1. Rank 83, 32, 17 by how far each Cα sits towards the positive end of the charge dipole of the stretch 1-142 (+1 on Lys, Arg Cβ; -1 on Asp, Glu Cβ) and give me just the farthest.
2. Working from the pairwise distances between different alpha carbons, so that the mean of 1/r is found and then inverted, what is the chain's Kirkwood radius in Å?
3. Among 133, 171, 74, determine the one that fluctuates most according to a GNM of the chain built with springs between C-alpha atoms less than 10 Å apart.
4. Considering only 77, 207, 147, give the residue with the highest GNM mean-square fluctuation for the chain, with springs between Cα atoms whenever their separation is below 10 Å.
5. Evaluate the relative contact order of the stretch 102-220 (contact order divided by residue number), counting alpha-carbon pairs under 8 angstrom at least 6 apart; express in whole percent.
6. For the stretch 190-239 and the stretch 99-132, what is the separation of their Cα centres, given in Å?
7. Most mobile of 172, 99, 42 per a Gaussian network model of the chain (Cα springs, under 10 Å)?
8. Can you tell me the dipole magnitude for the stretch 91-176 around its Cα centre, using point charges on the Cβ only (Lys, Arg +1; Asp, Glu -1), in Debye to the nearest 20?
Amino acid sequence: MTQPTHRSERGFWYLTALQFQGAFSDNLFRISLMLIAAKILADPNQPNQLGSYNAILQMLFPASYLIFSVWAGFLADRYSKRFITIATKVAEVVLMTLAAVSFIGLGDVDNAPPSALFWPTVVLFFMFTQSAFFSPSKYGIIPELVDEHRLGWANGIIGLTTYLAIIIGAFAATALVPLLSPSRLEWIPGVLIALAVVGLLAGRGIDRTPEANPGRPILTNPIPELIRYFRTISNDHNL
């Protein structure tokens, strides 16, 4: 008897490539923005403004997950996780285009005012939001792409490639920002646009998956659901 072909694992590798690209792009943009902010906010008369700005950047990531995670889980349950994955990549292409525009608005960073960081920071928040919507589908689709006995291996691969992408993205940012002239930093989101398109194409290689709960009612108010989640966590001593 011939062995069945494991197309699902091919789909998993497309998911891995898409996830690697997303984590790399997020960190390349975030670290680049921090380095640019260090130039713009390097004012000896206001030494605390850079620290305050970096604190804001650190808050954006958990804030986006706290605000949107309930909706993200709802969408991953009601619609195909493959559809959500591809939709978030389309959103990333749009966001990277906006990032390029915002970087053009910076002009010469050596002479840019602190207010010039506003729109790149807004774009970064929406990038974190895009990641928040992608996350439940990313983890939820893995059991639909690999056999059950391969779940531990698959989660390990996703974890490994995610942290590898974070490290490489941070290294690329620290290498790339000093190489570009202060008026050519829009090349960074330009590269990220191209990478987002590559990620979008990789998403098309993921196996089609059915909706887990297509009849779930539309979620309009996430607060009760969020409270229920926190109550579940608080009642579980291990969590």
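1. 83
2. On the way: mean 1/r = 0.0515 Å⁻¹.
Evaluated on the chain, it is 19.4 Å.
3. 171
4. The residue that fluctuates most here is 147.
5. Details: 31 pairs, mean separation 48.8, N = 119.
Worked out over the stretch 102-220, it gives 41 percent.
6. Spelled out, the Cα-based centre of one part sits 26 Å from the other.
7. Most flexible of the set in this elastic network: 42.
8. Values: 2 positive and 6 negative charges, 15 e Å.
In total the dipole reaches around 80 debye.
The values are calculated or read from the model by the stated rules, or taken from the named source; none is laboratory data. Keep in mind it's a predicted model, so treat the numbers as computed, not measured. Every residue, glycine among them, receives a Cβ derived from its backbone with ideal geometry; neighbour counts consider all protein chains shown. Only protein heavy atoms, including side chains, enter the accessible area calculation; ligands, DNA and RNA are left aside. Shrake-Rupley method; radii C 1.70, N 1.55, O 1.52, S 1.80 Å.
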